[in-house]
1. Is at least one residue of region 379-395 among the basic types (Lys, Arg), in contact with a His (Cβ under 9 Å, 6 or more places away or on another chain) and not assigned by TED's automatic domain parsing to the domain that holds VAL180?
2. Please work out if ALA286 is over 14 Å from GLY234 (Cβ atoms), among the aliphatic types (A, V, I, L, M), in contact (Cβ under 8 Å) with a residue 60 or more places away in the chain and touching a Lys or Arg at 6+ places or on another chain (Cβ under 9 Å).
3. Which one is nearest to the chain's Cα centre (by Cα) among residues in region 150-184 that are exposed (fewer than 15 other Cβ atoms within 10 Å of the Cβ) and in contact (Cβ under 8 Å) with a residue 40 or more places away in the chain?
4. Would you point out which residue out of ALA251, ALA286 is within 11 Å of the chain's Cα centre (by Cα) and either at pLDDT 95 or above or more than 16 Å from ILE112 (Cβ to Cβ) (or both)?
5. Quickly run through region 358-392 and pick out the residues that are of a type outside the set (Lys, Arg) and free of Cβ contacts under 8 Å to residues at least 24 places away in the same chain.
6. Out of all the residues in region 362-408, which are within 19 Å of VAL419 (Cβ to Cβ), under 26 Å from the mean Cα position of the chain (by Cα) and exposed (fewer than 14 other Cβ atoms within 10 Å of the Cβ)?
7. Starting from residues that are in contact (Cβ under 8 Å) with a residue 24 or more places away in the chain and more than 24 Å from the chain's Cα centre (by Cα), keep the ones in region 51-65 and report whichever is surrounded by the fewest Cβ atoms within 10 Å (Cβ to Cβ).
8. Residues of region 81-120 being hydrophobic (A, V, I, L, M, F, W, C), touching a helix residue (DSSP H, G or I) at 6+ places or on another chain (Cβ under 7 Å) and either modelled with pLDDT under 95 or farther than 19 Å from PRO273 by Cβ (or both), which ones?
Amino acid sequence: MTEHVGLTRRAWIAGASAAPLAATTAAAQTPPAAAPAAPSPSAGASTALPALDQFPGMNVTYLDAGSIHPFSVGARQAVADFLSSRAMGGQPPGYGDIDREERVIGMFAELINATPAEIAFVQSTTMGEWLTIRSLGIPESGGRIVTDDLHFFGSFVLYNELKKQGMDVVIVRARADHKVHLEDLAAAVNGNTKLIAVSAVSTINGFQHELKPIADLAHAHGAKLYVDAIHGCGVVPIDVRASGVDFLASASYKWLMGDMGLGFLYCRADLLPTLKQPQIGYEQAAAFRSHAYPYDPPGDPLFETALRTDAQGHFGMGTKSNTVVAQLYFSLDYIKRLGLDAMREHRQPLLDKAKREIPRIAGFSPMTPDDCTSALAAFAYRDARTKLGPTLRAANVRVTLSANRLRVSGAVFNTMADVDRLLNVLESAPHS
């Protein structure tokens, strides 16, 4: 059987009596090429901001894209087309559209300046972090993990459990300026450190790490750097090549404008041969030859297989969400056409006004550094969910509310009127 990039379930059977395995295995050593040029899947979408053509008629003042991004017109149409194809029996060979999957991998790779061979589909950012941990032999290897308190709060479930299993876990605290300082990370790193784990953009307050100095710090101690980029990819520039990041993961349902159930894991190509295989699944296969089915040539063993040598061959597993692939096929191209700089220039005045005006309302204090250019602005407020939730719901205004924090997101469809509406509602809320 000759498949140069993985096998669909149907191809496992169809290729059972194909060419010798040795030829396929050799082909598998060559990373898949970047996706060839194709007509833009978002060519009909305007690049004007605010993007009201793609997000028309919203019936809520929605300043919460950092939690879950609404679906665009183009992404909804992409899913509708996919579902129609399934309903009418027009599904391409295998369970998904392999060409579209490769293009989506290629577009994500381009977004972070990686190669397609360094990207694997994973279920979520959390799964990407777990696969990173396992590929480094943690916790069996022992040693230290360094992270900070502005990292994704869900990851502390993982690190607390790893601590119970013998890992030395150090959590660096942010300072009063709401930033995690490099010198504090450096003070926590020692010769036993296996991993530094940070968020490119903090889900807590939008703080942005400068990644290259942290990667240099990790490498100077023989450690690796993992980056949670769910609040970075699709909204701020990330360059894994220039920064020296070792691992990076992101899901699709926030700034990539997709849905839950599919994400990406980046691993630096030169690291792949040195890592443990964290899981084995049929989507990692580069070659398969059968000697068990009708008309197969005789042979032993009954099944000959070889794994891909790229990131998908190391971290891939089984089936994936084809509806999210369809969404991303539109959305990643749309994000590229909009441009990250234009997106920043659009949202920054909105967030600047929020950061300036919300602290003037009784009870609010800023949590986001003034120089932050991410799409998030956060404010401390005691009992925020309890005190502010009913007022915001009644006014049909959506932001992120946690126990003692309010967070505002600035997306491509937001306008200054959305911020003004939020300010008016917050001013009218009971603050006692």
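The values are calculated or read from the model by the stated rules, or taken from the named source; none is laboratory data. Computed from a predicted structure; not experimentally measured. For neighbour counting, all protein chains shown are included, and Cβ atoms are generated from backbone atoms with ideal geometry for every residue, glycine included.
1. Narrowing region 379-395 to residues among the basic types (Lys, Arg): 382, 385, 387, 393.
Those left that are additionally in contact with a His (Cβ under 9 Å, 6 or more places away or on another chain): 387.
Okay, now just the ones that are also not assigned by TED's automatic domain parsing to the domain that holds VAL180, so 387.
Yes, region 379-395 contains a residue that is among the basic types (Lys, Arg), in contact with a His (Cβ under 9 Å, 6 or more places away or on another chain) and not assigned by TED's automatic domain parsing to the domain that holds VAL180.
2. Values: over 14 Å from GLY234 (Cβ atoms): yes; among the aliphatic types (A, V, I, L, M): yes; in contact (Cβ under 8 Å) with a residue 60 or more places away in the chain: yes; touching a Lys or Arg at 6+ places or on another chain (Cβ under 9 Å): yes.
So ALA286 fits the description; yes.
3. PHE153
4. On the way: ALA286 fails: within 11 Å of the chain's Cα centre (by Cα).
None of the others qualify; the one that does is ALA251.
5. In the first step, residues of region 358-392 are kept if they are of a type outside the set (Lys, Arg); the result is 358-359, 361-381, 383-384, 386, 388-392.
PRO359, SER365, ASP370, ASP371, ASP383, ALA384, THR386, GLY389, PRO390 - these are the residues of region 358-392 that are of a type outside the set (Lys, Arg) and free of Cβ contacts under 8 Å to residues at least 24 places away in the same chain.
6. Listed by number, the list holds a single entry, ASP370.
7. Keep residues of region 51-65 that are in contact (Cβ under 8 Å) with a residue 24 or more places away in the chain, which gives 51-52, 54-55, 58-65.
Checking the rest, the ones that are also more than 24 Å from the chain's Cα centre (by Cα) come to 52, 58-61.
Working: LEU52: 14, MET58: 13, ASN59: 6, VAL60: 12, THR61: 21.
Of everything passing the filter in region 51-65, ASN59 is surrounded by the fewest Cβ atoms within 10 Å (Cβ to Cβ).
8. Kept after step one, since they are hydrophobic (A, V, I, L, M, F, W, C), are these residues of region 81-120: 82-83, 87-88, 98, 104-105, 107-109, 111-112, 114, 117, 119-120.
Checking the rest, the ones that are also touching a helix residue (DSSP H, G or I) at 6+ places or on another chain (Cβ under 7 Å) come to 82, 104-105, 107-109, 111-112, 114, 117, 119-120.
PHE82, VAL104, ILE105, MET107, PHE108, ALA109, LEU111, ILE112, listed by residue number.
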